[in-house]
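Trainee: Quick one: this structure, given as structure tokens, is what I'll be asking you about.
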Amino acid sequence: MKTTVEPLEGNKVRLSIEVDESEFEPALDAAFRRIAQEVRLPGFRPGKAPRKLLEARLGKGVAREEALRESLPSFYSDAVVEHEVDVIAAPEIEITSGEETGPVTFDAVVEVRPTIEISGYESLDVELPSPTVSDEELDEQVDRLRNQYAELVAVERPAADGDVVRIDIEGSRDGEPIEGLSAAGYSYEVGLGQVVAELDENLRGASAGDHLEFSGDDHTHDEDELDEHGHPPHGPIDFVVDVVEVQEKVLPELTDEWAAEASEFSTVEELRADLRARLERSRAAQAESALRNATAEALAALVEIEAPQPMVSSEMQQQLQNLSMSLQAQGLQLEQFLAMTGQPQAQFVETLREGATQAVLVDLALRAVAAAEGIDVDESEVDEELERLAERVGETVERVREEFERSGQLPEVRSDLRKQKALDWLIERVAITDPQGNSIDRADLIAAAEAADEAEQTAAEDTPDEDDTEGATDQ
């Protein structure tokens, strides 16, 4: 097989492929065998009619057409692998000769991944949460804990966000009660928006004894399912609400006695110290991932071209497949996930598209950085990656390498490693600040992350094994 590659306008290339008669002959034989299974000839069992007889009865054209249809994609794929053409879309194939006899030649015009250049990546700025927990942030954590122990006290004033109101509520549509939307003495925290937005709007400023009637929309539908007034196709929900009581949350006093009751610590100081340590460990554990994501996002902002739609579509499909597999592992379907999160399908698709577009821009930008800075990978790095993959899937390295070579995916492995190294190169040079504009030393992030890992390991070592616990119980 002879192949040439010619660049075209519009980020496309033309692969010109010539297949001689000897190479095409196995495809013809396979086509005749398939036809023999379907054609019934007197004196021959299905699939046993000889090729010459089939040629005499049906002519060579039928089998050749079948052979071309079945084999050209394979010849095209071989050419793509041979020349390492980075295709991002399906090809447009045109047979130029050999449809009836002789060598087969065809052209395949296909869109490829664009090669771009970017500037400004050497001086990226990213913002991360400070690894140090401020007193204000610590106070918020303490108040969240106090909120769990809050006492509800009836008040003689209108309700406001954060208050808990006891209500009798009835929800109906077209005069028919809606299951789950009718209850007596229901406690509801104003401002949470857990039913419909109109419920919170009407409860704000309401007092005990008030009788409320209003309509609200169920906003869990796609925009294209709404009617001309912006309502769901089955109509708004009618609510009748009687306010029984307005209750204010009274937080417990911040005393050592409360700290001992709410935690394993005997003083507020010890409780605050533990909360601070937990928050800092949590931030440190997330710092590396947050830094990589923030750097990639800042890099993507430098890309001046639009993300190619074939790449976006492919990335969306991959992300959707990953999500579906994750949900299936939990015994869930995508429809159930959307229902549980209250996310309209159109919104979900748009969020998926935004994430895929960002991923494509990051991909193009990292390739550009790797090319500009001469970042490459050697075979030892490829071998290490294949070893990791083999260990993950429980196969031998030889088997994994053979499969990647067969499918032509080794160039993709090398590209992924180059992109990882390019991102590491950027992270070593990026300027990091907190939301207040204060500089953050990457060495501090690394030290905090190492301290968090050490603390987690120590905690794991201090936790007794099940066997030890059972033995202690038996004794």
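Trainee: Going by the structure shown, is Pro91 closer than 30 Å to Leu361 by Cα and either touching a Lys or Arg at 6+ places or on another chain (Cβ under 6 Å) or surrounded by 15 or more Cβ atoms within 10 Å (Cβ to Cβ) (or both)?
Mentor: Considered against the rule, which asks whether it is closer than 30 Å to Leu361 by Cα and either touching a Lys or Arg at 6+ places or on another chain (Cβ under 6 Å) or surrounded by 15 or more Cβ atoms within 10 Å (Cβ to Cβ) (or both), Pro91 comes out as yes.
Trainee: Could you give me the residue pairs with C-beta distances under 8 Å whose first residue belongs to the range 314-330 and is touching a residue at least 60 places away in the same chain (Cβ under 8 Å) and closer than 29 Å to Asp86 by Cα, whose second residue is β-branched (Val, Ile, Thr) and open to solvent by less than 90 Å² (accessible area, probe 1.4 Å) wherever it lies, and which are 6+ apart or on separate chains?
Mentor: Ser314/Ile88
Trainee: List, please: which pairs have Cβ atoms under 9 Å, are six or more places apart or on different chains, and start with a residue in the range 121-141 that is within 20 Å of Arg272 (Cα to Cα) and end with one that is among the aliphatic types (A, V, I, L, M) and not in a helix (DSSP H, G or I)?
Mentor: Close Cβ pairs (under 9 Å, with a partner that is among the aliphatic types (A, V, I, L, M) and not in a helix (DSSP H, G or I)) amount to Ser130/Ile440; Pro131/Ile440; Gln141/Val133.
Trainee: Scan the range 254-278 for residues that are modelled with pLDDT of 90 or more, open to solvent by less than 40 Å² (accessible area, probe 1.4 Å) and in a helix (DSSP H, G or I) and jot them down.
Mentor: Once the filter is applied, which keeps residues that are modelled with pLDDT of 90 or more, open to solvent by less than 40 Å² (accessible area, probe 1.4 Å) and in a helix (DSSP H, G or I), the range 254-278 yields Trp258, Ala259, Ala262, Val268, Leu271, Asp274, Leu275.
Trainee: Follow-up question, since we're still on this one. Among Ser314, Ser326, which is farther than 23 Å from Ile88 by Cα and of a type in the set (Gly, Ala, Ser)?
Mentor: Answer to the selection: Ser326.
Trainee: Output the residues belonging to the range 102-142 that are open to solvent by 80 Å² or more (accessible area, probe 1.4 Å) and of a type in the set (D, E, K, R).
Mentor: Matches in the range 102-142: Glu117, Glu122, Asp125, Glu127, Asp135, Glu136, Glu140.
Trainee: Next question. Could you say whether any residue in the range 205-222 is modelled with pLDDT under 85 and either open to solvent by 50 Å² or more (accessible area, probe 1.4 Å) or of a type in the set (S, T, N, Q) (or both)?
Mentor: yes
Trainee: Across the range 332-354, what is the number of residues that are open to solvent by 60 Å² or more (accessible area, probe 1.4 Å), of a type outside the set (A, V, I, L, M) and over 12 Å from the mean Cα position of the chain (by Cα)?
Mentor: The qualifying residues number 7.
Trainee: While we're on this one: Which residue is surrounded by the fewest Cβ atoms within 10 Å (Cβ to Cβ), if the candidates are limited to the range 165-182 and must be within 16 Å of His211 (Cβ to Cβ) and in contact with a Ser or Thr (Cβ under 7 Å, 6 or more places away or on another chain)?
Mentor: Among those that are within 16 Å of His211 (Cβ to Cβ) and in contact with a Ser or Thr (Cβ under 7 Å, 6 or more places away or on another chain), it is Glu170.
Trainee: Would you point out which residue out of Arg388, Arg429, Arg406, Arg418 is under 24 Å from the mean Cα position of the chain (by Cα), surrounded by fewer than 13 Cβ atoms within 10 Å (Cβ to Cβ) and at pLDDT 80 or above?
Mentor: Every option except Arg388 fails the conditions.
The values are calculated or read from the model by the stated rules, or taken from the named source; none is laboratory data. What you see is a predicted model; the values in this text were computed from it and never measured. Cβ sites come from the backbone with ideal geometry, for glycine too, and all protein chains shown count toward neighbours. Side chains included, ligands, DNA and RNA excluded: accessible areas come from the protein's heavy atoms. Shrake-Rupley method; radii C 1.70, N 1.55, O 1.52, S 1.80 Å.
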